[in-house]
Amino acid sequence: MRKYNHKKIEEKWQKKWEDDHVVKIDKDDTKKKFYMLDMFPYPSGEGLHMGHTESYTASDVFTRFKTMQGFNVLHPQGFDAFGLPAENYAIKTGIDPKTSTAQNISNFIVQMKSLGLRYDFDEKVVTYEPEYYKWTQWLFGKFFDNNLVYKKTSKINWCESCQTGIANEQVIGGECERCGTQIVQKEIPGWFFKITDFADALINDLDTVDWPEHTKKNQRNWIGKSEGALIKFSISNFQFSKEKTEEKQIKVFTTRPDTLFGATYMVLAPEHPLVQDLVIGLPNKVEVEKYILDSRKKTEMDRIEGKEKTGVKLEGIFAINPAIARSEGFRANSEEIPIFIADYVLSGYGTGAIMAVPAHDERDFEFATKFGVEIKEVISGGIIKERAYSGDGILVNSGQFDGMDSEEAKKKITEFVGGELTTNYRLRDWSMSRQRYWGCPIPIVYSPEGEAKCIPEEHLPWLLPTDVDFVPSGKSPLEKSVEFRERTEKIFGEGWTPEFDTMDTFVDSSWYFLRYPDVHNEKEFCSEKRKEWLPVDLYIGGAEHTYMHLLFSRFFVKAMNKIGLLDFNEPFLKLRHQGMVLDGEGKKMSKSKGNVTNPDEMVERFGADSTRTYMLFAAPLEDEVMWNEDNIVGVYRFLEKVFYQVDKLEKESSKEVQNSLHKTIRKVGNDIDELKYNTAVSEMMKFMNVVKNYQISQEDFEKFLKILAPFAPHIAEEIWESLGNKSSIHLEKWPEYDVKLAKDDTYVIAVQVNGKVRAEIEIGDGASEEDVKEMVFSDLQIKKWIGEHEVKKSIYIKNKIFNIVV
RNA sequence: GCCUGAGUGGCGGAAUUGGUUUACGCGCACGACUCAAAAUCGUGUGGAGAAAUCCAUGUGGGUUCGACUCCCACCUCAGGCACCA
């Protein structure tokens, strides 16, 4: 008897498939198309991790299944190859990011192949290759021409020493992760995509795609559409500023104009432009300025997490509550309310200023309690002493609006004070400039007068210069390139300078899926003919990309549609997430914890087939998987049983095996379609448990091998060959199941009395309700349970349950 | 603080979407094979109880002939975040 040597088998077939070009597809074939897409990985130095392994296996199984069903399946892979880690690595080691990244990519490819993932790497997309980023730049140009990109300054976390903006994630205890310098908030100029232009479409079109409901919900919340009003508050006693004596106003956005009479103070964000004016001559000027300075050191996350509300009052000046000012019957000067500066108000949302209604907003309530500001109830519903009432209700203490309901009052009060009803979005425009080296150069040059000009197509790709020094030295890396400056002057003339920022890597990944159908096209990002592959039919990837990548990609497609480059509105028709892969104790795998499992090691020990199959068996795709190495042996044993079954084939299959086989074919097909791989695998295990006890023919066994093949492609191929088949099992058609054979002759049904199971009886297929009833009522157990009671009612669910109510 | 999920045996999980809770796998126990061990194969395996039976899907209510599934309130855990006014 031959032994199941997974290593030998897998190496043999991986080589053979490649030599025979089994991985190649004809992109111009006229068969029905199916575009299956994975989120392409960032090629990190650590190699493929278990999360990749799970989602890529899931899509590989789906691809193989769809192919067997007769579809022409495009299932490409590529690399999101620009990014910070490579640059940080370069700073540390002096190794050029391109060299290290290319190295990582080849390692990833080896790993993917060893898992038996069927990708055609001649058709890959690599975002740092000029052949690719030429089109990233070209698209930027199109967006520029169509007014979808603009330049402005914005406040970001800034490291003075690295001369770069950094993400919250890279701020460790207020300091730069790289160099330990204190991070400050700084206004710097940068390029923005007008994603907010599409806010409504980004919400509405979610109704047209098959995505997990929670993902849609999250995106809607992220975009955060809210209806409200813009209301102006005047400032009184504003005599401190000598020159600017004209009337000052503070504009606020509120979703609750109905609570205007309850606004007992105002808050400005520390960055609010008016603050600079107001602070002049203030009695507590020093205190206020110190507060503003302190808040500049806080990252946005610090401001979110700050448990205790902080703030400072602008002594001696007041805002006028316009509603009270215009109403009769309020006590003198009650329209004057204090103004605070507090960092719980963000400059980026609304107008950067709020009217605070402590009686009806939790955060305002907390602040007012701490600073001793008046809390005035204007919506009945009752303030409970410890918290605000933030629901709608009937107005009180609101002059002539008393008795009105919130809904109506929102409009009426806004009108009354001359405000303006508007819609506000939480979503901000997409800041895409990065002061980094290892990214796609922004194809912009500046005239000697400082005017921005987009680089014409003939000069694309606008190459990333190579004569740079990565070590931070108070200058952004691209500024150090002599070639870059010379190139610019040579083409555009003396005094012209290039844009030194590169693009956010999310730009690269916002359109990569549009390139796969036509990766070698030098004339267009994708030909009209190849666009027939688009949009993506099924996209599998982590839920962590809900807000950025998935939203940005949707924006790109909508913008390109508007420009006329695409004729569809949504990039991904169907989306599913894979869960996180945790260690055996349910903890997140991380390098620092030292609990990272490497797929290579699993492949070495148990083989790709077992690793793949177990990965999918361990938990539903969308759930977290606890990677418990003790459990993989179950799958290994199962595959071994299949392997050794070859020696036990008979002329005919028994009835039991036939019945089980056809049920299994049906169930596995349905499960793959719904990406319920865990139950598909268990169904195949059940089948082998039946085979163990009954006889199976070669013909039936081969059918089983075909449904196993997408999961465990190597062992299936090996057995298939050993049975005398000459061509690959992966070119076979998916087997059909026979409805008659899949049907059961008898069913065991539960008999309940008052909903509790008291007996089981076996009935023949097709037994009528009358037959069943007769059997039930003649059952001794049941008779006992009914006893002297009167039978009030009985319920029969066909082939499942008979319930007697007494 | 806000948003989104998830709580079922010793463990990973299943449950035809309102119809027999614990499929499949791991582990464990016993048995067979073996000088022995490993591997393999059988049998058993939610808890309590001698049994009849009772109790079990995070907790407490509710709807229903019947609830892991639907509704309300709460608890715990995980993930995400840009305090969204």
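The values are calculated or read from the model by the stated rules, or taken from the named source; none is laboratory data. This one's a predicted model, so the numbers in the text were calculated from it and none came from an experiment. Counting neighbours? That spans all protein chains shown, and the Cβs are built from the backbone with ideal geometry, glycine included. These area figures cover heavy atoms from the full protein model, side chains too; ligands, DNA and RNA do not enter into them. Shrake-Rupley method; radii C 1.70, N 1.55, O 1.52, S 1.80 Å.
The single condition from (1) more than 16 Å from RNA strand B (Cβ to nearest atom); (2) exposed (fewer than 14 other Cβ atoms within 10 Å of the Cβ) that A:His789 fails is (1). The C-beta contact set for region A:14-25 (first residue touching a residue at least 60 places away in the same chain (Cβ under 8 Å), second residue surrounded by 12 or more Cβ atoms within 10 Å (Cβ to Cβ) and among the aromatic types (Phe, Trp, Tyr), distance under 9 angstrom, 6+ apart or interchain) comprises A:Val23/A:Trp17; A:Val23/A:Tyr119; A:Val23/A:Phe121. In region A:777-804, the residues that are at positive phi never reach a residue that is charged (D, E, K, R) and open to solvent by 100 Å² or more (accessible area, probe 1.4 Å) with C-beta atoms less than 8 angstrom apart, at least six apart or across chains.
Regarding region A:29-40, can at least one residue be identified that is in contact with a strand residue (DSSP E or B) (Cβ under 8 Å, 6 or more places away or on another chain), assigned to a strand (DSSP E or B) and open to solvent by 10 Å² or more (accessible area, probe 1.4 Å)? Within region A:29-40, one or more residues are in contact with a strand residue (DSSP E or B) (Cβ under 8 Å, 6 or more places away or on another chain), assigned to a strand (DSSP E or B) and open to solvent by 10 Å² or more (accessible area, probe 1.4 Å).
Evaluating A:Tyr128 against the criteria (1) in contact with a Ser or Thr (Cβ under 7 Å, 6 or more places away or on another chain); (2) in a loop (DSSP other than H, G, I, E, B); (3) open to solvent by 40 Å² or more (accessible area, probe 1.4 Å) leaves one unmet condition, (3).
Return a yes/no flag: does region A:400-410 have any residue that is hydrophobic (A, V, I, L, M, F, W, C), farther than 18 Å from A:Phe82 by Cα and away from RNA strand B (no atom under 16 Å from the Cβ). Yes, because at least one residue in region A:400-410 is hydrophobic (A, V, I, L, M, F, W, C), farther than 18 Å from A:Phe82 by Cα and away from RNA strand B (no atom under 16 Å from the Cβ).
Within region A:372-381, the presence of at least one residue that is outside any helix (DSSP H, G or I), of a type outside the set (Asp, Glu), open to solvent by less than 50 Å² (accessible area, probe 1.4 Å) and without any contact (Cβ under 8 Å) to a residue 40 or more places away in the chain is confirmed. A:Leu421 fulfils the conditions (1) surrounded by 19 or more Cβ atoms within 10 Å (Cβ to Cβ); (2) in a strand (DSSP E or B); (3) not β-branched (Val, Ile, Thr) except for a single criterion, (1). When region A:744-754 is filtered for residues that are touching a residue at least 40 places away in the same chain (Cβ under 8 Å) and more than 10 Å from RNA strand B (Cβ to nearest atom), only A:Asp744 remains. Every condition in (1) within 8 Å of RNA strand B (Cβ to nearest atom); (2) open to solvent by less than 50 Å² (accessible area, probe 1.4 Å); (3) at pLDDT below 90; (4) touching a helix residue (DSSP H, G or I) at 6+ places or on another chain (Cβ under 7 Å) holds for A:Gly542 except the one numbered (1).
Rundown of residues vs (1) buried (at least 22 other Cβ atoms within 10 Å of the Cβ); (2) without any contact (Cβ under 8 Å) to a residue 60 or more places away in the chain; (3) not basic (Lys, Arg), yes/no style:
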residue	(1), (2), (3)
A:Glu522	no, no, yes
A:Glu532	no, no, yes
A:Met548	no, yes, yes
A:Asp567	no, yes, yes
A:Gln578	yes, no, yes
A:Lys587	no, yes, no
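Quick check on region A:330-371: of everything there that is of a type in the set (Ser, Thr, Tyr) and without any contact (Cβ under 8 Å) to a residue 24 or more places away in the chain, which residue is nearest to RNA strand B (Cβ to nearest atom)? Looking at the filtered set, the residue picked out is A:Thr369.
Here's the yes/no breakdown for (1) open to solvent by 20 Å² or more (accessible area, probe 1.4 Å); (2) in contact (Cβ under 8 Å) with a residue 12 or more places away in the chain:
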site: A:Phe144; (1), (2): yes, yes
site: A:Val149; (1), (2): no, yes
site: A:Cys159; (1), (2): no, yes
site: A:Gln163; (1), (2): yes, yes
site: A:Gly173; (1), (2): yes, no
site: A:Arg178; (1), (2): yes, yes
site: A:Ile203; (1), (2): yes, yes
site: A:Leu206; (1), (2): no, yes
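The condition (being open to solvent by less than 60 Å² (accessible area, probe 1.4 Å), over 30 Å from A:Pro472 (Cα atoms) and in a helix (DSSP H, G or I)) is satisfied by just one residue among A:Ile105, A:Ile91, A:Ile9: A:Ile9.
Can we say A:Thr466 is open to solvent by 40 Å² or more (accessible area, probe 1.4 Å), over 15 Å from A:Pro571 (Cα atoms) and not in a strand (DSSP E or B)? So A:Thr466 passes the test. Scanning region A:67-83 turns up no residue that is open to solvent by 60 Å² or more (accessible area, probe 1.4 Å), within 26 Å of A:Thr597 (Cα to Cα) and either touching a Lys or Arg at 6+ places or on another chain (Cβ under 8 Å) or of a type outside the set (S, T, N, Q) (or both).
Got at least one residue in region A:131-140 being modelled with pLDDT under 95 and crowded, with 19+ Cβ neighbours inside 10 Å? So far as region A:131-140 goes, no, none of its residues is modelled with pLDDT under 95 and crowded, with 19+ Cβ neighbours inside 10 Å. Scanning region A:197-215 for residues that are more than 9 Å from RNA strand B (Cβ to nearest atom) and in a helix (DSSP H, G or I) gives A:Asp197, A:Phe198, A:Ala199, A:Asp200, A:Ala201, A:Leu202, A:Ile203, A:Asn204, A:Asp205, A:Leu206, A:Asp207, A:Thr208. Scanning region A:755-779 for residues that are farther than 18 Å from A:Asp744 by Cα and within 11 Å of RNA strand B (Cβ to nearest atom), we see that the one that is least open to solvent (accessible area, probe 1.4 Å) is A:Ala759. Can you pull out the residues in region A:41-54 that are of a type in the set (S, T, N, Q) and either surrounded by fewer than 23 Cβ atoms within 10 Å (Cβ to Cβ) or touching an Asp or Glu at 6+ places or on another chain (Cβ under 6 Å) (or both)? Answer for region A:41-54, where residues must be of a type in the set (S, T, N, Q) and either surrounded by fewer than 23 Cβ atoms within 10 Å (Cβ to Cβ) or touching an Asp or Glu at 6+ places or on another chain (Cβ under 6 Å) (or both): just A:Ser44.
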